[in-house]
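To start, the structure under review is shown below, and the notes come after it.
The values are calculated or read from the model by the stated rules, or taken from the named source; none is laboratory data. Since we're looking at a predicted model, the values are computed, not measured. FYI the Cβ positions are ideal-geometry reconstructions off the backbone, even for glycines, and counts take in every protein chain you see. Side chains are part of the model used for accessible areas, which takes the heavy atoms of the whole protein and leaves out ligands, DNA and RNA. Shrake-Rupley method; radii C 1.70, N 1.55, O 1.52, S 1.80 Å.
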Amino acid sequence: LDEEESQVAGYCYITDEGGLTMNHISLWSLIDLKKMAKCIQVSSPMRHKETHFVNIPSIANKVIEFALSLTSEKLKKRMSLDKNIDELKAKVNPDLLPSEYGGKASVEEMVKEFKETLRKNREKTLALDEMFIDLDGPPAWLGNDDADIEAGVVGSFRKLEVD
């Protein structure tokens, strides 16, 4: 996140959901999903260029579709539900993918580079432990509409039409 090039260009995320089970899904409530979506949308200090969810089990499709429905139109347009790796490769340069996904990137080399980055930023990372976080009030990114979902109502009634 500290690299100016990444801040300007943004990020492309690829999430393989192949191992997702009903046990995993049952860990999240609707409130959790809404908070996660809002946090990604409002609190992440980065540009989301593309997000690809790959190998989504059929049991998770509706949950992920619901979570996506909670994001802005701009973010929704940048998200893609890819059925398999071949569908992903049609949208993303396969050369950039790890070798496990048919790409040319070496996972070992990526891990080596990541470890080197961690070593280089060790002091800065450890300083995060000294950071003070005020936990007395609700997080700023929650906004005023979270009471609606906690009460069981999702959305706004501004456009509600009643016959």
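Among residues belonging to the stretch 1-33 that are among the charged types (D, E, K, R) and not in a helix (DSSP H, G or I), point out the one that is nearest to Asn93 (Cα to Cα). Within the stretch 1-33, the match that is nearest to Asn93 (Cα to Cα) is Asp16. Scoring Met36 on the criteria (1) of a type outside the set (Phe, Trp, Tyr); (2) more than 30 Å from Leu118 (Cα to Cα); (3) assigned to a helix (DSSP H, G or I); (4) free of Cβ contacts under 8 Å to residues at least 60 places away in the same chain leaves a single failure, condition (2). Of the set (1) in a helix (DSSP H, G or I); (2) surrounded by 13 or more Cβ atoms within 10 Å (Cβ to Cβ); (3) modelled with pLDDT of 85 or more, all apply to Phe66 but (3). Looking at the stretch 69-80, which of the residues that are open to solvent by less than 60 Å² (accessible area, probe 1.4 Å) and outside any helix (DSSP H, G or I) is nearest to Ile31 (Cα to Cα)? That would be Leu70. As a summary of the residue check, Gln41 satisfies the conditions (1) in a helix (DSSP H, G or I); (2) of a type in the set (S, T, N, Q); (3) out of contact with any helix residue (DSSP H, G or I) (no Cβ under 9 Å at 6 or more places or on another chain) except for the one numbered (3). Where helices (runs of 4 or more DSSP H) fall wholly inside the stretch 85-127, the ranges with 1 or more residues that are more than 14 Å from Cys12 (Cβ to Cβ) and among the hydroxyl-bearing types (Ser, Thr, Tyr) are 107-120, 122-127. Once the stretch 44-57 is narrowed to residues that are modelled with pLDDT of 85 or more and either not in a loop (DSSP other than H, G, I, E, B) or not aliphatic (A, V, I, L, M) (or both), the residue that is most open to solvent (accessible area, probe 1.4 Å) is Lys49.
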